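K.L.:
What follows is a structure written as structure tokens; I'll ask about it next.
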Amino acid sequence: MIVVMKVGSPEAELSRISDELKQWGLTPEKVVGKHKVILGLVGDTVDLDPLQIQEMSPWIEEVLRVEKPFKRASRQFRHGEASDVVVSTPEGPVTFGENHPLVVVAGPCSVENEAMIVETALRVKKAGAKFLRGGAYKPRTSPYSFQGHGESALELLAAARSASGLGVITEVMDTADVAKIAEVADVVQVGARNMQNFALLKKVGAQDKPVLLKRGMSATIDEWLMAAEYILAAGNQNVILCERGIRTFDRQYARNTLDLSVLPVLRSLTHLPIMIDPSHGTGRYEYVPSMAKAAIAAGTDSLMIEVHPNPAKALSDGPQSLTPERFDNLMQEMAVIGKAMGRWPEPAVALV
Ligand code: PEP
Ligand code: MN
């Protein structure tokens, strides 16, 4: 349920209403939107009569039921407004959100050694990326495949972060690793295979770094948003949703089916920012540019693209990785669509 307050409602009135609602066993959450202040009510609201709440104060404009099972993630919970996820990076805050320029995240699937991760970071930064992605801990289908260098790769990510000034996004697979990964990462990634690892969702929800939540490969949109709800309910409001392709009947030519229809669908359902990953979404570098550009045209807030200095030698996901040269070209092509959509970042003004 949400309680929409009238413009100019006194702060003391908001606290009084919140206190009273707490006595009813509800958890009121204050959401300050651009136009309105809202109290989101979480708890057992099924038997509550909206009129009874309405009568609590003349400052209450209306009381609405949130119909969806995902309450905090629902767009209604923010009275229709999009939320921003602001991430601190060495070069200042970067905002993910519907009303902000597109954010490009790029880098290899796995962090292989210092030279390759630093080189990739510098190259993608020069092309305009704002974040470096790279896995230290890799979820692999086979236990015999490269599993990532683990803790030592976190140090390499930290080195690439300070060498490039880029923010770092890296995956966490185990609740036991959350704290040490969050020390290095500016955004922690929960991968497709862990989208319903509820212990992990609660743990990343109880720490401060923003969370990138990938869609499970067979997850419905409701399941994905309920997974986001776990993180939000644990106290972390900074969640970005990442579509990375789903399993369908045909895997002969593309690794997954990149579901770009989530863009308009999620827009109507949730206030959370959206990222598209055309690399895992297609599994082939040749298909990445088309889908990246289509994602911008369909209104994505962010893109995640795998880039490797030598894809033929990559320890994971080489076939879907762009070379830095191909990434440079793609950034130029994306700028055309991004500008047309009014979402392309202004180039940084060089200070002399
Ligand atoms: C990755 O980002 O490298 C990754 C393993 O992604 P996903 O969880 O989408 O498969
Ligand atoms: Mn990968």
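Since every read-out is calculated from the coordinates, none of them should be taken as a lab result. Source: prediction; values computed, not measured. In this analysis, Cβ positions are derived from the backbone assuming ideal geometry, glycine residues included, and neighbour counts consider all displayed protein chains.
K.L.:
Angle, helix 324-340 long axis vs. longest principal axis of the chain, Cα atoms, 0 to 90°, nearest 10?
P.N.:
For 324-340 against the chain, the angle is about 40 degrees.
K.L.:
Express in % the proportion of alpha carbon pairs of segment 1-151 at distances exceeding 22 Å. Don't skip to the end; give the middle numbers.
P.N.:
On the way: 6650 of 11325 pairs.
Within segment 1-151, distances greater than 22 Å cover 59 percent of Cα pairs.
K.L.:
Take the Cα atoms of segment 2-65, find their three principal axes, and give me the spread along each one in whole Å, biggest first.
P.N.:
Projected onto its principal axes, the Cα set of segment 2-65 covers 29, 19, 19 Å.
K.L.:
Could you name the aspartates and glutamates whose alpha carbon sits less than 17 Å from that of LYS125, not counting residues in the same chain fewer than 8 places away?
P.N.:
GLU91, GLU114, ASP186, GLU306, GLU325, ASP328, GLU333, GLU346
K.L.:
Please figure out what share of the DSSP beta bridges in the chain is antiparallel and state it in percent, rounded to the nearest 5. List each step's numbers first, then the result.
P.N.:
On the way: 20 of 47 bridges.
Roughly 45 percent of the beta bridges in the chain run antiparallel, per DSSP.
K.L.:
Still on this model: Show me, bin by bin at 5 Å from 0, the whole-percent P(r) of segment 176-264 based on Cα pairs.
P.N.:
Percent of pairs per bin, in order: 3, 15, 25, 23, 15, 10, 6, 3, 0.
K.L.:
May I pose another question? Alpha carbon centre of segment 1-76 versus segment 223-254: separation in Å?
P.N.:
Cα centres, segment 1-76 to segment 223-254: 28 Å.
K.L.:
Could you compute the longest span of the chain free of GluC sites (Glu not before Pro) located in DSSP loops and having at most 11 other Cβ atoms within 10 Å, not counting the site residues?
P.N.:
68-352
K.L.:
Pairs LYS22/LYS71; LYS34/LYS202; LYS209/LYS339: which are spaced more than 22 Å apart, C-alpha to C-alpha?
P.N.:
LYS34/LYS202; LYS209/LYS339
K.L.:
Compute the angle between helix 221-233 and the longest alpha-carbon principal axis of the chain, please, reported from 0 to 90 degrees and rounded to the nearest 10.
P.N.:
With rounding to tens, the tilt is 70 degrees.
K.L.:
Could you work out [θ]222 nm for the chain from helices alone, using -39500 (n - 2.57) per DSSP H run of at least four and dividing by all its residues? Round to the nearest 500 deg cm²/dmol. Could the numbers behind the result be given before it?
P.N.:
Working: 11 runs with 114 residues, N = 352.
-9500 deg cm²/dmol, from helical runs alone.
K.L.:
Write down the Kirkwood hydrodynamic radius of the chain, to one decimal in angstroms, obtained as one divided by the mean of 1/r over all alpha carbon pairs.
P.N.:
By the Kirkwood definition, the hydrodynamic radius is 21.1 Å.
K.L.:
Counting only trypsin sites (Lys or Arg not before Pro) that sit in a DSSP loop (anything but H, G, I, E, B) with at most 16 other Cβ atoms within 10 Å, what is the longest stretch of the chain containing none of them?
P.N.:
141-246
K.L.:
For segment 221-316, what does the equivalent ellipsoid look like in terms of its semi-axes, each the square root of 5 times an eigenvalue of the Cα gyration tensor, given largest first in whole Å?
P.N.:
Working from the Cα gyration tensor, I get semi-axes of 25, 15, 13 Å.
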